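Since every read-out is calculated from the coordinates, none of them should be taken as a lab result. Since this is a predicted model, take the numbers as computed values, not measurements. Here the Cβ positions follow ideal geometry from the backbone for every residue, glycine too, while neighbour counts run over all protein chains shown.
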Amino acid sequence: MSSLRKNHPRSIFLLLLAVLVMLLSACGGAASTPGKGSTTPDTNQVLRFPNVGTAGIGKLDPASGPDSNSNQAIDMILTGLVRHDKDLHVQPDQATSWDVSKDNKVYTFHLRSDVTFSDGTPVNAQSYVYTWTRALLPEVKSPNAPVLEESIAGANDVINGKSKTLSGVKALDDHTLQVTLVRPTSYFLQVLTVSLFYPLNQKVIEKYGQADWVNHAAGSGIGTGPFMIKSWLHGSKMIFAPNPHYYGKKTQLKEVQMSFIRSIPTAFKAYQSGQFDFTWGISATDQLQAQSMPGFVRKPVLESDLLFFNNKMAPFDKPAVRQAFAAAIDKKTLAKTIFHDTVTPASTIVPPGMPGAQPDYPGIAFDASKAKALLKSAYPDLSKVPAISFSYPTSQVAPDLAEALQQMWQDNLGVKVKLNGMELTTYNAETTKRTVQFGFTQWGVYFPDPYEWLDLSLLSTSANNNGNWSNPEFDKTVAQAEQTSGDARLALYAKAERIAIDNVGWLPIDHQSQAAIIPSKVHGLTLNSNGLYFGDWSDIYMTK
């Protein structure tokens, strides 16, 4: 205190002003916007940023069920009939308009006539017929197409190998696409924002094959987006150049350099050392420092951390054991001590802000005594509990979180759980094979609808059901929901979610937020409920 009293009054004012600026920066809020900082455009216009938490793009084919890291690249090189705006509302893109029949089962899309792939090959209605049919072919082995396209007439025939033609999708002429549904589907336009429905260049796929074409993506005209892949150094970096044939407003950037950074803390340190122009996916621990840095922003996102249990592997074939593990987790303590209050403890699967969310549903609350009793109801002799291994991607589960969970299960259940951290791409491969006994999922949405959370991963027939969870009442309730609309539909989904929570189809841990540092030299970039939002990239540019 004595040193402060010796300061000159003007120095005190400047010090207080500096503190005020730091406090305002720490509050987060909106990202840097055009007009802040320098207004002189950078002559280079090269944007460098990290793809945080991955060793590379593991799933560039939209039919392969891409993770969020892979989607960062996909969304730069592919576009479709419609797109989301910042607030997740559906906007026209390659389709200038559409008509819907009175029974809400037939959609007729009117396409732009100036769309081509990045090699100049024209895109027409038949390009969509090809792409949507191809995703359902048995040889493509898509985990997400059978669910995302289930409402389209003829989809099951293609899935089952009975037909090579998706009867519900027709090219009436080059620029008119007609889609017939088996039932009215309230989220149909929303689902079309998913990259699975973006047209792919048939010429490129036929040249290199259904599986290998992604390995020839650099320099190939595979998509219609604002960028094309200039070079791809697997495990290191992907460089994008503007697509000269892009039909939309052109990007101001001359190049985008996306580096793959497996370690989340490493990405933050690399930004601090000047290797990147912005950074995102900042860990809860690093946010303690980052929140005082210029351009810091944090926003709740439609993403949750959840655990799953393989219901075909002991001991998790017993519902009481799954419920015991749920009741043994003190989520409020995790949110405070591990996440430093950057997340919301989750009692539900569907996060707040989603249609049909029920944030007041208590779920399976923390209760150590009840947890122990539940476990003993299944295994009176705890020494008979089979060995348990908890597997997780190290880029999504920090060591302190994994160890805190391990300690809670040890303390509250008397069970030792082995930790098995894995690299994300390897982990995704294991979950796809359903060999994981007890695992972690960080689930974010393609579009804001409960269908996203419940159908895609928890139906008995879902390819994403990594825990082999099966509940006839859940399946029946979801099926009923899809035969209704409006509030009645949301009420049925709410019922289905309660079934999944109580029977631990998924064990929700927390609802996430996204944190980024977007300095004032990066213009046009912001955060929305899905994370980083680049729009159509035309507003993204760099100033000095």
At R0 = 51 Å, FRET efficiency that the Cβ-Cβ distance of ASP317 and LYS102 yields, to 0.05: 0.60
Quick check on the stretch 380-515: what are the equivalent-ellipsoid semi-axes from the Cα gyration tensor, as sqrt(5λ), descending, whole Å? 29, 18, 15
Shape category assigned to the stretch 294-394 from the gyration tensor of Cα positions, a/c cut at 1.5: prolate
Non-local amide H neighbours of ILE388 (under 5 Å, H modeled in plane, Pro and chain starts lacking H): which ones? LYS418
For the pair LYS254 and ASP411, what calculated FRET efficiency results from E = 1/(1 + (r/R0)^6), where r is the Cβ-Cβ distance and R0 = 60 Å, to the nearest 0.05? 0.60
Compactness check, the stretch 247-328: C-alpha Rg relative to the 2.2 N^0.38 Å globular estimate gives 1.73
Which percent, nearest 5, of DSSP beta bridges in the stretch 300-513 are antiparallel? 65
Taking every DSSP beta bridge that has both residues in the chain, what percent is antiparallel when rounded to the nearest 5? 80
By the DSSP-based rule, helices of the chain that are at least 20 Å long along the axis (C-alpha) and have a mean Kyte score of at least 1.6 are 9-26
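Per-residue ellipticity at 222 nm for the chain, helices alone: DSSP H runs ≥ 4 residues times -39500 (n - 2.57), over residue total, nearest 500 deg cm²/dmol?
Value at 222 nm, helices only, nearest 500: -8500 deg cm²/dmol.
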Give me SER460, SER538 ranked fewest to most by other Cβ atoms within 10 Å of their Cβ, as a rough exposure proxy. SER460, SER538
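Report, in listed order, any pair from LYS59/LYS141; LYS141/LYS230; LYS331/LYS384 with a Cα-Cα distance greater than 23 Å.
LYS141/LYS230; LYS331/LYS384
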With a/c under 1.5 counting as rounded, go ahead and sort the stretch 373-458 into rounded, prolate or oblate using the C-alpha gyration tensor (a ≥ b ≥ c being the square roots of the eigenvalues; past the cut-off, prolate if a/b is larger than b/c, else oblate). prolate
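Quick check: net charge around PHE316, other residues with Cβ under 14 Å of its Cβ, Lys/Arg +1 and Asp/Glu -1? Don't jump to the answer; show the numbers that get you there.
Details: positive: LYS312, LYS318, ARG322, ARG434; negative: ASP317.
So the environment of PHE316 carries a net charge of +3.
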Placing each pseudo-label 7 Å from Cα in the direction of the beta carbon, ASP341 and ASP173 end up separated by a distance in nanometres of 6.3
Going by a ≥ b ≥ c, the root eigenvalues of the Cα gyration tensor, does the stretch 62-214 fall in the rounded group (a/c under 1.5), the prolate group (a/b larger than b/c) or the oblate group? rounded
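May I ask you to derive the FRET efficiency for LYS376 and LYS164 from their Cβ-Cβ distance with R0 = 51 Å, giving the value to the nearest 0.05?
0.40
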